[in-house]
Amino acid sequence: QVQLVESGGGLVQPGGSLRLSCAGSGTIFNIYYMAWYRQAPGKQRELVATINSGDSTYYAEPVKGRFIISRGNANIPMYLQMNSLKSEDAAVYYCNVKSPTSTYWGQGTQVTVAS
């Protein structure tokens, strides 16, 4: 089973930027859907952005205009460029990848936004 690993999280000041990556331990074939979720302390996991095999994207309202989801290659299937970060963006960010046979989740990467 391919494992997903997120990276790129860290501490950033309000207004700053981070780029998250989602890498696979192997190749995932026939990916048709990918998404980033986030979960802040005491809150439910929420959808941040999605991208499908046709490169159609969706963004949750709180991040629209600031975040950009993109696809990479088979081993690093997805990125999330986060700009103009706000304190309310602080959370653990998870990547989610779907193929016809499996759904994959990463372990999460922490994003902290503080001055």
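At a glance:
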quantity	calculated
Carbon plus sulfur fraction of accessible area for the chain, probe 1.4 Å, in percent	47 percent
Built amide H within the under 5 Å cut-off of A90, gap 5+	V113
Where Rh is the Kirkwood radius over Cα pairs, Rg/Rh for the chain	0.96
Per-peptide average of other Cβ atoms within 10 Å, ordering 46-53, 75-82 highest first	75-82, 46-53
Anisotropy class of the range 1-45 from Cα gyration tensor, a/c 1.5 cut	prolate
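The values are calculated or read from the model by the stated rules, or taken from the named source; none is laboratory data. If you're wondering where the values come from, they're calculated on a predicted model, not measured in any experiment. Ideal geometry is used to build each Cβ from the backbone, glycine not excepted, and the neighbour counts take in all protein chains shown. Side chains included, ligands, DNA and RNA excluded: accessible areas come from the protein's heavy atoms. Shrake-Rupley method; radii C 1.70, N 1.55, O 1.52, S 1.80 Å.
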